[in-house]
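A.B. asks: Mind looking over this structure? Questions follow.
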Amino acid sequence: AVTGAVAGAYHVRAMAEQYGVPVVLHTDHCAKNLLPWFEGLLQANERYFETYGEPLFSSHMLDLSEEPLEENIEICVKYMERMAKINCALEMELGITGGEEDGVDNSDASPEDLYSKPEEIFQVYEALSKVPNAHFTIAAAFGNVHGVYSPGNVKLDPEILGKAQAYVKEKTGCEDDKPVRFVFHGGSGSELSDIRKACSYGVIKMNVDTDTQWAYWDGLRQFESKYHDYLQSQIGNPEGADKPNKKYYDPRACMRSAEESTIKRLERCFEDLNCKNVLGLGPPDPAQNV
């Protein structure tokens, strides 16, 4: 698993230079039982940093939300101290995101666990801020649920994030109205008004895994529906009994349809999150790696 992740990171870096775009390389939910995997990635980051002066990955997430809060914070601080030395960011999860994702089923979670308290958010912020050069985000719970459900089943309360920002500002005495960088987990299927409100309260990253999964599948589904009669045998289709079907059942054809569908969904994400044409980078520099 470590080798695959590291190989993927090198591939993305190589391709990003060809396209001339900035890329954030992030690994998501890592529970306590997967800390050996997390350790392997950190070692890869440290080796890369020794050569290039930056980490291989941009950030990693620790999801210790099933552990007691004190233990969650203690482990996050331990890794933050190490990651800060190589300019690698940490995302931590506070509270529980409902629904099911990657084999973790919180469908029966207690309702109060789906909403983080300002005091808990400050406790995390205070502990991680003490680490020199710390860069971190907090995936606080405000009713988030993994997956997409019928209207009325998910009750998001972005105001929790706004109240937490005000609380942290008051406790720290800082001038910044949004001292905490939040992450919005379970963003798929959310109302645009909730997305925009969450962003206004300091959300800088939103997860939309379920919606992009559907977009990918929908591209496959549409391809199969359109070319159904060309996908039943290697030879023979509506154009003739001896006509070959290779260009239709070639996996690259249906995968391209899936990719195009996903691209359209991502473009909608960019619009929803107000992150189109905001970097002002100008034309990309010519690639040097090939």
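The values are calculated or read from the model by the stated rules, or taken from the named source; none is laboratory data. These numbers were taken from a predicted model, which means no experiment stands behind them. Glycine gets a Cβ as well: all are built from the backbone with ideal geometry, and neighbour counts include every protein chain shown. To get the accessible areas, we keep the full protein, side chains included, count just its heavy atoms, and leave off ligands, DNA and RNA. Shrake-Rupley method; radii C 1.70, N 1.55, O 1.52, S 1.80 Å.
Every residue, every condition in (1) in a loop (DSSP other than H, G, I, E, B); (2) of a type in the set (Phe, Trp, Tyr); (3) open to solvent by less than 80 Å² (accessible area, probe 1.4 Å); (4) more than 23 Å from His26 (Cβ to Cβ), yes or no:
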site	(1), (2), (3), (4)
Val180	yes, no, yes, no
Ser190	yes, no, yes, no
Asp194	no, no, yes, no
Cys199	no, no, yes, no
Arg221	no, no, no, yes
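A.B. asks: Here's something else I'd like to know. What are the residues in the stretch 19-35 that are open to solvent by 50 Å² or more (accessible area, probe 1.4 Å), assigned to a helix (DSSP H, G or I) and at pLDDT 90 or above, if any? Explain how you work it out, then say what you get.
C.D. replies: So in the stretch 19-35, the residues open to solvent by 50 Å² or more (accessible area, probe 1.4 Å) come out as 19, 21-24, 26, 28, 32-34.
Now restrict to residues that are assigned to a helix (DSSP H, G or I): 19, 32-34.
Hits for the stretch 19-35 are Lys32, Asn33, Leu34.
A.B. asks: Please determine whether any residue of the stretch 232-250 is touching a strand residue (DSSP E or B) at 6+ places or on another chain (Cβ under 8 Å) and under 23 Å from His29 (Cβ atoms).
C.D. replies: So far as the stretch 232-250 goes, no, none of its residues is touching a strand residue (DSSP E or B) at 6+ places or on another chain (Cβ under 8 Å) and under 23 Å from His29 (Cβ atoms).
A.B. asks: Taking the conditions exactly as written (touching a residue at least 12 places away in the same chain (Cβ under 8 Å), in contact with a Phe, Trp or Tyr (Cβ under 6 Å, 6 or more places away or on another chain), in a helix (DSSP H, G or I) and not polar (S, T, N, Q)), does Tyr216 satisfy them or not?
C.D. replies: Values: touching a residue at least 12 places away in the same chain (Cβ under 8 Å): yes; in contact with a Phe, Trp or Tyr (Cβ under 6 Å, 6 or more places away or on another chain): no; in a helix (DSSP H, G or I): yes; not polar (S, T, N, Q): yes.
Against the criterion (touching a residue at least 12 places away in the same chain (Cβ under 8 Å), in contact with a Phe, Trp or Tyr (Cβ under 6 Å, 6 or more places away or on another chain), in a helix (DSSP H, G or I) and not polar (S, T, N, Q)), Tyr216 does not qualify.
A.B. asks: So, in the stretch 87-124, of the ones that are open to solvent by 40 Å² or more (accessible area, probe 1.4 Å) and assigned to a helix (DSSP H, G or I), which residue ends up modelled with the lowest pLDDT?
C.D. replies: The qualifying residue modelled with the lowest pLDDT is Pro111.
A.B. asks: Within the stretch 188-245, can you find the residues that are among the β-branched types (Val, Ile, Thr) and either under 29 Å from the mean Cα position of the chain (by Cα) or under 30 Å from Ala166 (Cα atoms) (or both)?
C.D. replies: First pass over the stretch 188-245, keeping only residues among the β-branched types (Val, Ile, Thr): 195, 203-204, 208, 210, 212, 235.
Matches in the stretch 188-245: Ile195, Val203, Ile204, Val208, Thr210, Thr212.
A.B. asks: Would you check which residues across the stretch 1-46 are among the hydroxyl-bearing types (Ser, Thr, Tyr) and touching a Leu at 6+ places or on another chain (Cβ under 9 Å) and list them?
C.D. replies: The first filter runs over the stretch 1-46 and keeps only residues among the hydroxyl-bearing types (Ser, Thr, Tyr), leaving 3, 10, 19, 27.
Listed by number, the residues that qualify are Tyr10, Thr27.
A.B. asks: Right, here's the next one. Just wondering, is there one or more residues in the stretch 212-220 that are charged (D, E, K, R) and at pLDDT 95 or above?
C.D. replies: yes
Here's the yes/no breakdown for (1) of a type in the set (Phe, Trp, Tyr); (2) surrounded by 11 or more Cβ atoms within 10 Å (Cβ to Cβ):
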| residue | (1), (2) |
| --- | --- |
| Gly236 | no, yes |
| Gly240 | no, no |
| Lys243 | no, yes |
| Lys246 | no, no |
| Phe270 | yes, yes |
| Gly282 | no, no |
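A.B. asks: Further question: List the residue pairs whose Cβ atoms are under 6 Å apart, where the first residue sits in the stretch 234-248 and is in a helix (DSSP H, G or I), the second is open to solvent by 30 Å² or more (accessible area, probe 1.4 Å), and the two are 6 or more positions apart or on different chains.
C.D. replies: So the pair list comes out as Tyr248/Tyr227; Tyr248/Tyr230; Tyr248/Leu231.
A.B. asks: Please indicate, with yes or no, whether at least one residue in the stretch 56-74 is closer than 25 Å to Gly282 by Cα, part of a loop (DSSP other than H, G, I, E, B), open to solvent by 30 Å² or more (accessible area, probe 1.4 Å) and modelled with pLDDT of 95 or more.
C.D. replies: yes
A.B. asks: Among the residues of the stretch 42-50, are any in contact with a Pro (Cβ under 9 Å, 6 or more places away or on another chain), of a type in the set (S, T, N, Q) and open to solvent by less than 50 Å² (accessible area, probe 1.4 Å)?
C.D. replies: Scanning the stretch 42-50, I find at least one residue that is in contact with a Pro (Cβ under 9 Å, 6 or more places away or on another chain), of a type in the set (S, T, N, Q) and open to solvent by less than 50 Å² (accessible area, probe 1.4 Å), so the answer is yes.
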